[in-house]
Amino acid sequence: MSKFFSGRHAALTPYTPGEQPQDMQYVKLNTNESPFPPSKGVLEAALREAGKLQLYSDPTSAVLGRKMAQHMGVAPEMVLMTNGSDEALYYAFMAFGDEQHPMVFPDITYGFYPVYADLFHIPYEEKPLAEDFSINPAEYIGAGKTVVIANPNAPTGRCLPLCVIEDIVKSNPENLVLIDEAYVDFGGESAVPLTLRYDNLLVVGTFSKSRSMAGARLGYAIGNPALIADMNTVKYSLNPYNVNRVTAAAGVAALEEDDYYRANCQTIMENREWTAQQLESLGFDVIPSKTNFLFARSAAVSGETLYLELKKRGVLVRHFTAERIREYNRITIGTREQMELFLEKTKEILKEANA
Ligand code: PMP
């Protein structure tokens, strides 16, 4: 730490991103990226727009925002496009959290929530998930605090039905409910239509997973126009040109080629169910998932050993060290070939452990 570092931030524990190793070619099943490349129109749009990189992007992301609004069935003033959904979360925490607006979220969820809460000095409560990693909705009904829920949740993969989300939103009219839908396209039900009826609901989503654009950084927030106006106040105080022009053009093309992405999601869901069955037949405990990953543990090898042994064999999965989940690994669902390779290496490791 330098002698110049602000005392306000000295105690922060920053978020640890998943490994992005540059040393060798891994089968990368550790950061929930899509195994499929962007669609043809996205590549063409990105290339076309790259020729105009000397010009700033449109700070309002108007064309993309309108397209997104149309895609989601909401008005354009209900949409904010962001530099990844991490930025949408960051703006929301900054805009809506403070001492008077404390937060509540599960103890096992996306690791950025406590990081942003600490960064902005927002008090928060972490509600323990049940033993089976399910969220108990009763703990969020009439919570009297800002509620943050990833639905489906990460890294567990479990999903709450939309009627439960609506109950939570309805029972907290004086508090914001933020639903993070990073993984909703893999079998969940989006809460976006509810934003037309509830002014305390903010839905955040991303192009990183189901739309193969993790490297482009594109996310969004959808909610009542007043909420979006507040987030714009924060955005224009920090980073007006938050979505670069190549990404904005790519995003428009991705929405125009929705069929391609839907088909990819279908394939990933099929690969997920197949992989879950295979893992179960190898004696793994697999949490039911509505995402593009599985959360699983083996009785035969520890979470850390499996992670390290897979890495030695060129397969990367995500291992977390937190007490309640350290026997698990989060395995991103890739192509069928990638999952076959992952299973083959896993079998090898199990065999060695039993030998
Ligand atoms: N929310 C959740 C639950 C996530 O797992 C992720 C991916 N790390 C994000 C948000 C952020 O994704 P991105 O910034 O790439 O949109």
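Laboratory data are not the source of any read-out in this text; all were calculated from the coordinates shown. All values reported here derive from a predicted model rather than from experimental measurement. For neighbour counting, all protein chains shown are included, and Cβ atoms are generated from backbone atoms with ideal geometry for every residue, glycine included.
Using θ = phi - 60° and the Karplus curve 6.51 cos²θ - 1.76 cosθ + 1.60, what whole-Hz ³J(HN,Hα) does each residue of the range 165-172 get, with Gly and Pro shown as x?
Couplings: 4, 5, 4, 5, 5, 5, 8, 10 Hz.
What spacing in nm lies between the two simple spin-label points modelled at His71 and Leu53, each 7 Å away from Cα in the Cβ direction?
With each label placed 7 Å out from Cα toward Cβ, I get 2.3 nm.
Any idea what angle helix 84-96 forms with the longest principal axis of the chain, computed on alpha-carbon atoms, 0 to 90 degrees, nearest 10?
Relative to the chain, helix 84-96 is tipped by roughly 50 degrees.
Angle between the Cα long axis of helix 40-50 and the longest principal axis of the chain, 0 to 90 degrees, nearest 10?
50
What FRET efficiency, computed as 1/(1 + (r/R0)^6) with R0 = 41 Å and r the Cβ-Cβ distance, is obtained for Leu282 and Ala226, rounded to the nearest 0.05?
About 0.20, to the nearest 0.05.
Is there a quick way to get the dipole size of the chain? I mean about its Cα centre, with the Cβ of Lys and Arg at +1 and of Asp and Glu at -1; what is the value in debye to the nearest 20? Intermediate values should be presented prior to the final figure.
Working: 33 positive and 44 negative charges, 170 e Å.
Charge dipole of the chain: 820 debye, to the nearest 20.
Given H placed on each backbone N at 1.01 Å, which residues far from Tyr124 in sequence or on other chains put an amide H within less than 5 Å of it?
Amide H neighbours of Tyr124, under 5 Å, 5+ apart: Met103.
Specify the longest stretch of the chain that does not include any exposed loop site, a site being one of the trypsin sites (Lys or Arg not before Pro) with a non-H, G, I, E, B DSSP assignment and at most 13 other Cβ atoms within 10 Å. Spell out each step's value before the answer.
Working: sites that count: Lys3, Arg8, Lys52, Arg197.
In short, 198-355.
Compute the angle between helix 258-281 and the longest alpha-carbon principal axis of the chain, please, reported from 0 to 90 degrees and rounded to the nearest 10.
The two axes meet at around 30 degrees.
Whole angstrom only: what separates the Cα centroid of the range 47-92 from the Cα centroid of the range 299-340?
35
Spin-label point model (7 Å from Cα, Cβ direction): what's the Thr321 to Glu344 distance in nm?
Here the modelled spin labels are 3.3 nm apart.
Between Ala214 and Ala62, what is 0.36 nm times their sequence separation minus the Cα-Cα distance? Round to one decimal in nm.
Fully extending the segment from Ala214 to Ala62 adds 52.6 nm.
Run lengths n ≥ 4 of DSSP H only: what is the helix-derived mean residue ellipticity at 222 nm for the chain, with -39500 (n - 2.57) per run over all residues, to the nearest 500?
Working: 10 runs with 131 residues, N = 355.
After summing the helix terms and dividing by residue count, I get -11500 deg cm²/dmol.
In nanometres, what is the gap between the two model label sites at Ala138 and Arg262, each 7 Å from Cα along Cα-to-Cβ?
Result for the modelled spin labels: 3.9 nm.
Report the gain in length on full extension from Lys312 to Cys163: 0.36 nm times residue separation, minus Cα-Cα distance, nm rounded to one decimal. Let's see the in-between values first.
On the way: separation 149, 0.36 × 149 = 53.64 nm, distance 4.42 nm.
Separation in residues times 0.36 nm, less the Cα-Cα distance, equals 49.2 nm.
In the structure displayed, which of Lys127/Lys347; Lys67/Lys145; Lys127/Lys170; Lys40/Lys67; Lys311/Lys351; Lys52/Lys209 lie more than 24 Å apart, Cα to Cα? Could you put the intermediate results ahead of the total?
Values: Lys127/Lys347 36 Å; Lys67/Lys145 33 Å; Lys127/Lys170 20 Å; Lys40/Lys67 18 Å; Lys311/Lys351 17 Å; Lys52/Lys209 27 Å.
Result: Lys127/Lys347; Lys67/Lys145; Lys52/Lys209 exceed 24 Å.
Pick from Ala250, Ala88, Ala69: which residue has the top mean-square fluctuation in a GNM of the chain where Cα pairs under 10 Å get a spring?
Largest GNM mean-square fluctuation: Ala69.
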